[in-house]
Structures are given as C-alpha cells and as structure tokens.
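The structure appears below as structure tokens.
The values are calculated or read from the model by the stated rules, or taken from the named source; none is laboratory data. Every value quoted in this text rests on a predicted model; they were computed, and no experiment measured them. Here the Cβ positions follow ideal geometry from the backbone for every residue, glycine too, while neighbour counts run over all protein chains shown. Each accessible area value is taken on the protein alone, full model and side chains, heavy atoms only, with ligands, DNA and RNA left out. Shrake-Rupley method; radii C 1.70, N 1.55, O 1.52, S 1.80 Å.
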Amino acid sequence: MKSLKDVAERKLDDYTSPTKGYAFNTYDIAGEPDAPLTPADVLMANLLSLKLSAREVIPLFNEGDGPAQELRKALDHALVELRNAKPFESYEDITALEEAVTSLAKANFHSISVPEWTAVTVSKVLHRRRPQIVPLYDSRVQDFYGVRKPQNFRAALWEDIQDNLDWLSEMASTKKTPDGRELSVLRLADILIWTP
C-alpha cells in the first residue's frame, strides 16, 4: 500500500467522481444493511465486473435445500454475524480477524458447490453490505499481493493496512459514500489497489 501513497488521492478522487464511470456512485449505496439478502443485492455485484445472470441468481431464492439455497443461507448468516463486526483493521492480530470472519469462510465454502460462484463472487455480494469487515477479493488484489487463497489474501491485506493505517485512516475520513456513510479503510484500500 505504501507504493500507492503518492497516487492515492488521485485514485480516490477518480473512483469517487460522479463523471468518471466507476461503480462508487451505484455499488456503494448500501440499501437495507440489516435486511436479508435480495436478488437485487446479488445483482449489484455485477457493478464490480461480475457477470451474474438469472442462472446464478434465481436458484438462490428458489424454495428447497440444494446447494444454491444453502449458499443463500450462508450469505444471510454472514450478514447477520458480521453486522456489528469491528472494522477489519482493528483486530489485534490475524488470528482474531479470522475468528471474526468464520461466517465469511463458511459462505466461501458453500460457494464451491454452486456453478459460477466463488470466493470472489461472495466477497462482491457481501462487501457492499459489510464494507468494514468483508474485503473485496478478485484478480487485481490477488495479483497485488501475490496470493490466491482468500485467507492468505486477508492476512496480507491486514498486515499491509496495519503498516499504513495512519494515512489510510486519514484519507478514508475525507470521503463519504453516496448514501452518507463513512468510507471504510477496507473499501479505501480496495479502491486504491483496483483503480488504475
């Protein structure tokens, strides 16, 4: 993250601009943070370069107890479990963080049995509603940290944020989301890594 410090302000301004075509002014509106997951919540993840279609969304909301319905239950469970979670950067060590995100790991596990769903998909669905604790996980952040497994990525990201927390916290405090919430340090970190 330190390598991005000199360009961080420009990247943040670009990503949050209402005219530059980034997803901030659409995806970063949380909707109903405490409500169960809806089809619209899942489709909002497409604003972050996913390509979910009816085939990947409708089965989650069908009646039954198949893999897609189990995934939806795991996603809802994660939303409840992570509702009052401390910010990602505030955990004293990576072990405490991993304990806090057990429900996220379970949702990732349930995604394995559902076509077109991965840990990337889970992160982009849940982050919008829990931006303080669920990191966005995709090929750009994987490449930035040189890791592929979600838990290894979380460890690398947590350590990096710890090393740069002063300036990241200060910068996050300069922006609000389109619906008036504080920009989380975790969301800022992703914006800085992802934005060219």
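In the range 1-21, what count of residues is obtained for those that are touching a residue at least 40 places away in the same chain (Cβ under 8 Å), in contact with an Asp or Glu (Cβ under 9 Å, 6 or more places away or on another chain) and surrounded by fewer than 19 Cβ atoms within 10 Å (Cβ to Cβ)?
1
I'd like to verify a number: residues in the range 174-196 that are surrounded by 14 or more Cβ atoms within 10 Å (Cβ to Cβ) and in a strand (DSSP E or B), how many? If you could, list the steps in order and put the result at the bottom.
The first filter runs over the range 174-196 and keeps only residues surrounded by 14 or more Cβ atoms within 10 Å (Cβ to Cβ), leaving 175, 177-178, 181-195.
Right, trim to in a strand (DSSP E or B) and you get 182.
The qualifying residues number 1.
(1) closer than 30 Å to P59 by Cβ; (2) of a type in the set (D, E); (3) modelled with pLDDT of 95 or more: which one isn't true of E170, the others all being true?
The single condition E170 does not satisfy is (1).
Taking A40 as the residue in question, decide whether it is open to solvent by 60 Å² or more (accessible area, probe 1.4 Å) and free of Cβ contacts under 8 Å to residues at least 40 places away in the same chain. Walk me through how you get there before you give the answer.
Numbers: open to solvent by 60 Å² or more (accessible area, probe 1.4 Å): yes; free of Cβ contacts under 8 Å to residues at least 40 places away in the same chain: yes.
Judged against the criteria, A40 is a match.
May I ask you to say which residue of Q142, Q132 is open to solvent by less than 50 Å² (accessible area, probe 1.4 Å) and free of Cβ contacts under 8 Å to residues at least 12 places away in the same chain?
Numbers: Q132 fails: free of Cβ contacts under 8 Å to residues at least 12 places away in the same chain.
It is Q142.
Kindly indicate whether D65 is at negative phi, among the charged types (D, E, K, R) and open to solvent by 80 Å² or more (accessible area, probe 1.4 Å). Before you say what the answer is, go through the steps one by one.
Numbers: at negative phi: yes; among the charged types (D, E, K, R): yes; open to solvent by 80 Å² or more (accessible area, probe 1.4 Å): yes.
The answer is yes for D65.
Just for helices (runs of 4 or more DSSP H) wholly inside the range 30-99: which have at least 3 residues that are out of contact with any Pro (no Cβ under 7 Å at 6 or more places or on another chain) and more than 26 Å from P178 (Cβ to Cβ)?
Numbers: elements: 39-44, 54-61, 67-81.
Because the criterion is at least 3 residues that are out of contact with any Pro (no Cβ under 7 Å at 6 or more places or on another chain) and more than 26 Å from P178 (Cβ to Cβ), the helices (runs of 4 or more DSSP H) in the range 30-99 that meet it are 54-61, 67-81.
Just to verify a result, which residue in the range 101-112, among those that are open to solvent by less than 30 Å² (accessible area, probe 1.4 Å) and assigned to a helix (DSSP H, G or I), is farthest from A85 (Cα to Cα)? Lay out the reasoning, then the answer.
The initial filter retains those residues of the range 101-112 that are open to solvent by less than 30 Å² (accessible area, probe 1.4 Å), namely 101, 103-104, 107-108, 111.
Restricting the remaining residues to those that are assigned to a helix (DSSP H, G or I) gives 103-104, 107-108, 111.
Details: S103: 11, L104: 12, A107: 16, N108: 18, S111: 22 Å.
Per the stated criteria, the residue is S111.
I133 passes all but one of (1) touching a Leu at 6+ places or on another chain (Cβ under 8 Å); (2) within 24 Å of N25 (Cβ to Cβ); (3) at pLDDT below 95; which number fails?
(3)
Report every pair of residues separated by at least 6 positions or lying on different chains whose Cβ atoms are under 9 Å apart, first residue within the range 165-194 and over 17 Å from I133 (Cβ atoms), second open to solvent by 20 Å² or more (accessible area, probe 1.4 Å) and in a strand (DSSP E or B).
Matching pairs, first to second residue: S173/E182; K175/E182; K176/E182.
Would you say P115 is within 16 Å of D76 (Cα to Cα), open to solvent by 10 Å² or more (accessible area, probe 1.4 Å) and part of a loop (DSSP other than H, G, I, E, B)?
No; evaluated as a whole, the condition is false for this residue.
Kindly check whether there is at least one residue in the range 157-173 that is open to solvent by 10 Å² or more (accessible area, probe 1.4 Å), over 22 Å from K11 (Cβ atoms) and not hydroxyl-bearing (S, T, Y).
Within the range 157-173, none of the residues are open to solvent by 10 Å² or more (accessible area, probe 1.4 Å), over 22 Å from K11 (Cβ atoms) and not hydroxyl-bearing (S, T, Y).
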